[in-house]
Amino acid sequence: MGVMQAEVAHRFADVQGARATWFSYARHTPDLLAKLGLIGVHDRLVVCADDFEPAFRELFRWNDPVFVSDPTPQAFLRASMDDPDSEEARLIPEGSPASYAHPAGIHADRLFWFVESEGCLGLRVPHIRALAEAAAAVGAIIIVDNTIPSYFGCNPISLGAHVVLEALDRVAEGRLEKKVVATSVARSVVGKGRRRLVSPNSEEAYRLLSFSLGDPDMPTRATALSEADVCAISDGMDSFAGRMRRHVDHAHAIAEYLFCHPAVGHVFYPGLKSHPDRALAPNVLLHGFGPAIDFSLQGTHDERMMVRHLRFLTTCTCSHRDARAGGALTRIGIAAKRDLNYLRLFAGTDDPLSIADSLDQALRLFCNPPEP
């Protein structure tokens, strides 16, 4: 069984150009990151993932993570300073270059940047290559959550990321017994001859991950998946490109429909001209603009946004909130950050015309609820 899991992990690494991939059970990417112990108690963490902000605050409370809402190099650099208003603000971590994998020289005050390739409220798309260049300049290890576009829709390693995390619900077509997250690490050396480039941070990330997860060729008891889950991932990869093509195409069609509906307030989809990252997105995302849409509904100040969105979900027959994530059915939930929240739709492979019709009926009921 371990051999089969290692083979599937190798295959997953190959499609991303990664040095190695490990599979682990975890609720979501912040949960896995906390379990790995990759980020020590004295390390600094800058996060651009406000849809996961509560999880980061709970899981990394000893790090006092700094949150940025704008996924730009300038925002990350400023958040990485000890005191942004001081002329002597320190960016480059101080201390021993030793790895946590070598206890004799435990290093403190390391700098980590966490960003989603497509995420945050409003589905922002960061300029990963520019972030990677800025991270290299200040010695930061950049970790990218690639769950929404998946490896089909984005290759963060080719853009300079050191570590890539991806929840595999959609890869496995919703067939996983428990949630699985893949952890991939970039190669330390790329190119040959004069084009040969060495990345110390990628090597350091590999050492840290190997210390936490073991040899990628020999899954341990802590990292071994069930046979059913390994088979689901393997089978899912065989059909993934065709399925993702439909997920992405359906999302674009549904986003265009929502954008034209008078009851919808805002629609955030990187493929729409109104999206703030529309010009950048084609340089980061592959084969389209992803399977997710964020949108909000028109309403009055008398009704809080969360109440409004929950009321809509009760009238929407296509929300399928109880269906397994990543499956064929379109699902609608809520992405929230304190008092701000949006409805988040993940397009399935089901008929988008049927989904648009269900949304239209739900919006009619939402705007004109029946009298009690």
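The values are calculated or read from the model by the stated rules, or taken from the named source; none is laboratory data. Computed from a prediction, not measured in an experiment: that's the story for all the values here. Cβ sites come from the backbone with ideal geometry, for glycine too, and all protein chains shown count toward neighbours.
Among the residues making up region 304-324, those that are at pLDDT below 90 and closer than 17 Å to Ile293 by Cα are Cys318, Ser319, His320, Arg321. Filtered by the rule that a residue be buried (at least 17 other Cβ atoms within 10 Å of the Cβ) and hydroxyl-bearing (Ser, Thr, Tyr), region 324-357 gives Thr330, Tyr342, Thr349. Of the residues examined, Ala182 is one that is in contact with a strand residue (DSSP E or B) (Cβ under 6 Å, 6 or more places away or on another chain), at pLDDT 95 or above and not in a helix (DSSP H, G or I). For region 258-279, the condition of being over 22 Å from Pro149 (Cβ atoms) and buried (at least 21 other Cβ atoms within 10 Å of the Cβ) holds for none of the residues. Hey, any hits in region 291-310 for a residue that's buried (at least 21 other Cβ atoms within 10 Å of the Cβ), in a helix (DSSP H, G or I) and in contact (Cβ under 8 Å) with a residue 12 or more places away in the chain? Within region 291-310, one or more residues are buried (at least 21 other Cβ atoms within 10 Å of the Cβ), in a helix (DSSP H, G or I) and in contact (Cβ under 8 Å) with a residue 12 or more places away in the chain. Restricting attention to region 144-159, which residues are over 19 Å from Asp169 (Cβ atoms) and surrounded by fewer than 24 Cβ atoms within 10 Å (Cβ to Cβ)? Asn155, Ser158, Leu159, listed by residue number. Restricting region 1-19 to residues that are within 19 Å of the chain's Cα centre (by Cα) and either outside the structural domain of Val185 (by TED's automatic domain parsing) or not in a helix (DSSP H, G or I) (or both), the residue that is nearest to Asp215 (Cα to Cα) is Ala18.
The criterion of being under 25 Å from the mean Cα position of the chain (by Cα) and not assigned by TED's automatic domain parsing to the domain that holds Val68 does not hold for Phe312.
Of all the residues in region 287-305, those that are among the hydrophobic types (A, V, I, L, M, F, W, C) and in contact with a Ser or Thr (Cβ under 9 Å, 6 or more places away or on another chain) number 1. Specify the residue that is farthest from the chain's Cα centre (by Cα); the eligible residues are those in region 286-309 that are polar (S, T, N, Q) and within 18 Å of Asp360 (Cβ to Cβ). Out of the qualifying residues, it is Gln298.
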